[in-house]
1. Could you tell me whether segment 28-47 includes any residue that is touching a Phe, Trp or Tyr at 6+ places or on another chain (Cβ under 6 Å) and either small (G, A, S) or not assigned by the TED database to the domain that holds R127 (or both)?
2. Keeping to segment 29-77, report how many residues are touching a residue at least 24 places away in the same chain (Cβ under 8 Å) and surrounded by 12 or more Cβ atoms within 10 Å (Cβ to Cβ).
3. Taking segment 110-138 as the search range and keeping residues that are of a type outside the set (S, T, N, Q) and not in a helix (DSSP H, G or I), which one is nearest to H94 (Cα to Cα)?
4. Can you tell me which condition A26 does not meet? The list is (1) of a type in the set (A, V, I, L, M); (2) farther than 22 Å from I2 by Cα; (3) out of contact with any Cys (no Cβ under 9 Å at 6 or more places or on another chain); (4) surrounded by 11 or more Cβ atoms within 10 Å (Cβ to Cβ), and all the others hold.
5. Are there any helices (runs of 4 or more DSSP H) wholly within segment 9-104 with 1 or more residues that are more than 28 Å from N134 (Cβ to Cβ), and if so which?
6. Select from segment 21-63 the residues that are touching a strand residue (DSSP E or B) at 6+ places or on another chain (Cβ under 9 Å) and hydroxyl-bearing (S, T, Y) and list them in ascending order.
7. Which residue out of L102, L12, L78 is out of contact with any Asp or Glu (no Cβ under 8 Å at 6 or more places or on another chain) and either over 30 Å from H117 (Cα atoms) or at pLDDT 90 or above (or both)?
8. Residue check: is D110 among the acidic types (D, E), closer than 25 Å to D139 by Cβ and modelled with pLDDT of 90 or more?
Amino acid sequence: MITADGRQHVMLRNAHRDLQLVVEGAEVWRPVRLSVDAIWPADRMRQHLNALECLNAFHATGQFPDRLFPPEARASRLRFVLQALDGSLGGASHRQIAMALLARQRVQADWTDPRNHLRDRIRRAVRRGHMLVNRGYRDFLV
C-alpha cells in the first residue's frame, strides 16, 4: 500500500501474525536494501528491537518467533465481553447469557444472590460490548 505522502507499507504475514514495514526512498517492487536508524527514542526502543529481531527471524526461518508475540493481556476479558454481546444481540436474557458463558452450577447458585455479583458481571460485559461497537473499538487503534 502506498499512502498519500509516498510511504510504502509492506505487510509480512505468517499464520495469524503480521509485521508491517514502512519503506521510504525506494520502490519495494524492486530489490531494495533496508536500512534503519541506529538511535531511537527510549520509549520506542523495545518495539524497534523486537521488529528487527522479528524481521531477521522471518528472513532466516520464514517464521515469526512466538516470544515476540505475547498474548494480549485483555484477551480473555474481551472474549467474554464479545460473547456476552453476541448473546445480547441474539436476544438472549442476561441469565441465558450467564448460563452459556459460565458453569451452570455457578449460575444456579449465584444468580439470586442479593449482592448481584454475577448479574452485575453480565450487565457490565454486555454494556462494554455495546460500547465497543459504538466507537469504543477506536481505543484499540491508537
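1. no
2. Going through segment 29-77 one residue at a time, the tally reaches 7.
3. Of everything passing the filter in segment 110-138, W111 is nearest to H94 (Cα to Cα).
4. A26 satisfies all of (1) of a type in the set (A, V, I, L, M); (2) farther than 22 Å from I2 by Cα; (3) out of contact with any Cys (no Cβ under 9 Å at 6 or more places or on another chain); (4) surrounded by 11 or more Cβ atoms within 10 Å (Cβ to Cβ) except (2).
5. Ranges flagged: 45-61.
6. none
7. Exactly one of L102, L12, L78 is out of contact with any Asp or Glu (no Cβ under 8 Å at 6 or more places or on another chain) and either over 30 Å from H117 (Cα atoms) or at pLDDT 90 or above (or both), namely L102.
8. Judged against the criteria, D110 is not a match.
The values are calculated or read from the model by the stated rules, or taken from the named source; none is laboratory data. Note that the structure is a prediction, hence the values are computed from the model and not measured. Every residue, glycine as well, gets a Cβ built from its backbone with ideal geometry; the counts of neighbours run over all protein chains shown.
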